[in-house]
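Scroll down for the structure; my scribbles are underneath it.
The values are calculated or read from the model by the stated rules, or taken from the named source; none is laboratory data. Quick caveat: nothing in here was measured; it's all calculated off a predicted structure. Reconstructed Cβ throughout: ideal geometry from the backbone, glycine too, with neighbour counts over all protein chains shown. Each accessible area value is taken on the protein alone, full model and side chains, heavy atoms only, with ligands, DNA and RNA left out. Shrake-Rupley method; radii C 1.70, N 1.55, O 1.52, S 1.80 Å.
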Amino acid sequence: MAENLFQGLPPPATSPSRSSVQHRQEQSLKLNVNKGNNNNARDSPPIPNPALKSALKRPKPPALNQEVSATAAPEKRIRFKTTTDASETQVIEAMQKIASHIKNPAKFSKASKLAIQLIQAGSVNAGTSIHFFAILEAAMSSPTSCNDASVRADYHALFLAAQETVECLNKKQRNYLATWTIRAVLGNDLLTDDSFVFSKAAGKLKEAISSLPVATEDDDIDEAAALKDETETENAEEQEKKDTSREADVKEELDPFGLDSLIPNTLQKDEMIKGKKDASAKIKKQEEEEENKRFLKSKREALILCLETAVRRYKLPWCQTVIDILVKHAFDNISRFTSRQREAIERLWASIREQNIRRKQGKSVTGKLDMNAFEFLQQKYANEKISIRHSVGGSGDHRAEQWLG
């Protein structure tokens with residue numbers, strides 16, 4: 001056998017593969033890139049934040065800005081004056097002028113709008129409430145003027161706005177405002193052409209009737225006394241003057257020389273002070289009772305006027321059901337009214353029942369037969385003969401063929 005030529009020689013070294021060589025080259029490149037980046041980061045400044053769009057605009061030099069502002073014309077702005085800076089005396093003078101003009105129906109519209117502006121501006125307060133109440137009192141000087149067609153809407157707006165001033169008024173003024181509101185607001189709502197507003201006003205009227213206390217015999221007596229002639233009241237005032245003069249004469253007879261006033265007496269002074277306090281308390285109580293009676297009387301009268309206003313609209317078909325319920329409710333609560341007012345409610349209820357009977361018989365308020373469109377056509381074609389060929393009428397003129405389908 002031939003001898004081995006490679007015997008005794010060291011084993012051959014493994015040749016590096018191509019992939020390992022490429023891997024070493026990539027690692028050396030990465031190291032060089034990282035070193036270069038670190039050196040650049042140390043030498044170069046930090047990267048600034050991205051600039052905003054507003055920063056990219058070139059600012060004007062300050063000298064130019066000053067020159068432009070000096071030469072440019074001042075801008076004109078329209079400003080609306082929403083408030084009035086008026087003193088209390090000026091407000092009082094304005095209210096006095098309004099009160100003098102609001103009585104005139106021709107000037108009522110303008111005067112009422114000025115009064116509403118005073119309310120909206122907050123000019124009605126404790127110091128000016130007396131003068132504002134004088135405006136309302138002048139407006140209601142005539143009890144039936146608030147339902148006049150020419151000024152009806154203005155009365156409605158004025159007394160609706162006046163509800164914001166209730167806190168500034170005393171008890172007596174509030175009672176007056178409540179009765180005036182029934183006439184000017186509820187009474188005018190009953191004259192509307194809107195069925196929803198009419199029904200709502202009728203509901204409020206029913207609530208007001210239910211809130212009344214039951215009338216007593218004293219109320220009937222007071223009502224009868226109030227209907228007396230003015231001559232009797234004048235005679236009563238003259239009699240009171242005579243009584244006071246007689247009392248003064250009696251006092252002079254008991255102490256003709258006036259010596260009792262010179263004698264010091266602490267007990268007499270204490271009794272006089274107590275007597276004055278008791279008398280003032282009695283007077284206040286009597287005034288409150290009289291005010292409550294007056295308020296109930298005026299409220300009942302205002303409700304009766306509203307009932308009469310509603311019944312006058314009974315000729316409108318869409319009002320009839322609401323009026324029936326309203327008058328029936330008033331008749332059921334007739335005990336809450338005085339004797340003369342009960343008579344008025346009975347008359348209203350009698351007229352409503354009579355008209356209800358006519359409606360059930362097929363007659364309207366005027367006495368004519370009620371007939372709608374369907375009933376008219378039903379009566380018209382009740383005696384017509386209809387053939388198999390849909391021809392209407394004995395003559396076969398085909399006039400109602402389209403209507404019958």
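Once you treat every alpha carbon in region 296-357 as an equal point and sum by Debye, what is log10 I(q)/I(0) at q = 0.17 Å⁻¹? The Cα Debye sum returns log10 ratios of -0.52. Eigen-decomposition of the gyration tensor built on the alpha-carbon atoms of region 149-219 gives equivalent ellipsoid semi-axes of 23, 19, 10 angstrom, largest listed first.
Semi-axes of the equivalent ellipsoid of region 116-167 are 21, 12, 8 Å, computed as sqrt(5λ) over the eigenvalues of the C-alpha gyration tensor in descending order. What you get for region 84-160, charging only the Cβ of Lys and Arg (+1) and of Asp and Glu (-1), is a dipole of about 260 debye around the Cα centre. Take the residue pairs K172/K282; K328/K360; K97/K293; K315/K360; K204/K328 and return only those whose Cα atoms are more than 21 Å apart. Over 21 Å Cα-Cα: K97/K293. Computed over protein heavy atoms with a 1.4 Å probe, the carbon and sulfur contribution to the accessible area of region 281-344 reaches 53%. Dipole check for region 88-229: with +1 at the C-beta of Lys and Arg, -1 at the C-beta of Asp and Glu, and the Cα centre as origin, the magnitude is about 620 Debye. When the charge dipole of region 269-354 is built from unit charges on Cβ atoms (+1 for Lys and Arg, -1 for Asp and Glu) and taken about the Cα centre, the candidate among F331, C306, A279 whose Cα reaches farthest toward its positive end is A279.
The distance between label points at K360 and D148 comes to 4.3 nm (points 7 Å beyond Cα on the Cα→Cβ vector).
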